[in-house]
Amino acid sequence: MRVVGFTNAGLAFALFLVLPALAMAQDNEIEDIRTAIDELRADYEARITELERRLAIAEQNSTQAARAAQQVSQPAESGNSAFNPAIGVVFQGFLTGNDGEAQEEEGFVVGETELIMSANVDDKFAAYLTAALAFEDGESELEVEEAWVETTALPAGFSARFGRMFSGIGYLNAKHSHTWDFADQALPYQAFLDGRYVDNGVQVRWMAPTDLYLELGGEIMQGEDDPSGLGASSVFTNVGGDVGVSHSWLAGASYLDLDATTSLSMAHFVWKWAPQGNWKERNFVFQTEYLERRDSSTETGWYAQAVYQPIQRWRFGARADGLDLDGDDPRRYTVMMDWSNSEFSRLRLQFARSESAIDDGNQWGLQYIHSIGAHGAHAF
């Protein structure tokens, strides 16, 4: 009887020691399970929240796309939502100085401020407007640079543009000043076209259905002080293509008949390189043009330039341009360096050496270009 009592007492003592430990271990396991459940719940809630956010964005984008498609397919719709043009503004300015006999304006100069508007009219037409605000002799002037309507649905690769426009001749003519690689226009454009040829008229283009880029175009323009309203005409062609994945090229020729006695012939060539087509990181562009103007005499002009971007945001360029005129053959040599914080802002430092009988000296300049609002893609 004593043995049994001793055994029961020992068993009771053992249970007294073991049960609390088992209970504590069980409590710890329960707490671990609860913690795991809480962590899992928080993880799933975070994932659900992120999915809900992505779903809301996708639904918003889908709604906006549907509204845009509806505006194009229903041109008769009234109200503000039926007309929503893309609007942008480009600001430009210069700080310049020169020595020698250069006649360029010095000091701080506000360049052209461009107001750009564009939109689809409906499913068959698009419209474009550029107005330039400039300051000259202490007064502000507003000039309509471009105001044209273009077809978007002509068959067989054809398109037509009518209104006021930059002519399609040459390579630089149709480019706005904020897209130039240098702060000023090449000498032959300044001498023969007063910077660029812009006129009122009709332009027709045809794109060949080939792997090789081939474009043909022609224009009938108003001309200057012509009573008939059809005083100028032009024809132009561009051909180009890719060489591998890193190189591309473009060549073209143009002919502009200004009147019965004055004409301008032009030829251009452009070569571009970007490793594996990654234009953003590193690239190189070489371009050149030759112009020949004929009236009572024959005068020629040319330029050649190269621009290299070794790293993102920084570019370095050099240009040589010249004219062969009656009694004077001016030459100019220009170098530039620019920095772009983004595609909407650029700062450029430029130095030029001019050699001419009437303009022989050095000129330096610091230029800023900033744009807000819609920013359309630039041509090749």
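Every number in this text was worked out from the coordinates using simple rules, so none of it is lab data. Fair warning: this is a prediction, and the values are worked out from it, not measured in the lab. We place every Cβ from the backbone using ideal geometry, glycine too, and count neighbours over all the protein chains shown.
Give the relative contact order (percent, whole number) for segment 88-373; include only Cα pairs under 8 Å separated by 6+ residues.
Values: 743 pairs, mean separation 43.6, N = 286.
Relative contact order here is 15 percent.
Given segment 88-373, report the % of alpha carbon pairs whose separation exceeds 31 Å. Percent of Cα pairs beyond 31 Å in segment 88-373: 32. Over segment 154-301, Cα pairs under 8 Å with separation of 6+ residues give a relative contact order of 18 percent. By the count of other C-beta atoms within 10 Å, a proxy for reagent exposure, 220, 372 are ordered fewest to most as 372, 220. Here the residues 206, 279, ranked from fewest to most Cβ neighbours within 10 Å of their Cβ, fall in the order 279, 206.
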